[in-house]
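Have a look at the structure below before the remarks.
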Amino acid sequence: MREEIIMAGFGGQGIMLMGKLLAFAGMKEGYEVSWLPSYGPEMRGGTANCTVIISTEKIASPLSYRPDTLIAMNYPSLHKFLSRVKKNGSIYYNSSLIQNKVDAEDKNLNEIPVNELAADIGNDKVGNMVILGSYLAKRRFISLDAVKESLKEIISEKWQDLIELNKRALEKGAEYINKIRP
């Protein structure tokens with residue numbers, strides 16, 4: 001098994017946290033993992049993306065030229081990486097911010113109203129966990145529980161009081177995708 005994922009969005013949307021959390025949970029579940037961050041020049045509002053590879057075999061390079069999955073939190077990120085996703089690969093995108101029609105007939109599209117779902121649980125800043133929860137619920141090679149348990153080790157001590165909120169956001173994303181695509 002090998003899964004290559006590109007996660008992308010604006011700086012400040014939690015892209016790096018999402019990638020690091022997935023890689024850490026994968027490592028805890030016994031997979032080989034790599035996490036490769038890439039930042040734009042701005043701190044917030046610029047571009048940010050990371051590549052996560054999870055595999056049962058050794059990973060020779062952290063680069064992914066044809067990812068299995070793209071998780072896009074904004075339109076510029078979707079536009080930038082869409083053509084790189086493998087044929088029959090999956091795309092999870094934030095339909096709250098991406099209203100353009102996504103033309104990807106050879107890909108599995110998953111529209112997630114990230115901002116609305118995050119607002120439903122009381123904090124629109126956990127949209128990254130909502131979309132990650134949706135991804136995990138469909139792919140099912142890393143358990144949602146492993147990711148939730150990893151939060152306390154990945155989230156800095158300063159933000160530990162937000163762990164429960166992040167867990168609820170992961171669950172909300174999983175519930176949403178399971179309801180629309182059981």
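Looking across S90, S61, S83, one residue alone is among the polar types (S, T, N, Q) and touching a helix residue (DSSP H, G or I) at 6+ places or on another chain (Cβ under 9 Å). It is S90.
Scanning the range 167-182 for residues that are more than 16 Å from A25 (Cα to Cα), surrounded by 17 or more Cβ atoms within 10 Å (Cβ to Cβ) and of a type in the set (K, R) yields R168, K172.
Just one of the numbered conditions (1) closer than 16 Å to L21 by Cβ; (2) among the charged types (D, E, K, R); (3) surrounded by 14 or more Cβ atoms within 10 Å (Cβ to Cβ); (4) free of Cβ contacts under 8 Å to residues at least 12 places away in the same chain is not true of E164: (3). Out of curiosity, is I155 modelled with pLDDT under 95, among the β-branched types (V, I, T) and closer than 18 Å to K20 by Cα? Here the answer is yes, as I155 does meet what is asked. Scanning the range 21-42 for residues being buried (at least 16 other Cβ atoms within 10 Å of the Cβ) and in contact with a Cys (Cβ under 7 Å, 6 or more places away or on another chain) gives a total of 2.
Scanning the range 107-141 for residues that are among the basic types (K, R) and under 15 Å from I6 (Cα atoms) yields a total of 2.
Residue check: is A25 in contact with a helix residue (DSSP H, G or I) (Cβ under 6 Å, 6 or more places away or on another chain) and either over 15 Å from A72 (Cβ atoms) or of a type in the set (D, E) (or both)? Judged against the criteria, A25 is a match.
Let's see how each residue does on (1) part of a loop (DSSP other than H, G, I, E, B); (2) basic (K, R); (3) at pLDDT below 95:
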site	(1), (2), (3)
L21	no, no, no
G30	yes, no, no
I53	no, no, no
E57	yes, no, no
L63	yes, no, yes
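The values are calculated or read from the model by the stated rules, or taken from the named source; none is laboratory data. Nothing here was measured: the structure is a model prediction, and the numbers come from that model. Note that each Cβ is placed from the backbone with ideal geometry, even for glycine, and that neighbours are counted across all protein chains shown.
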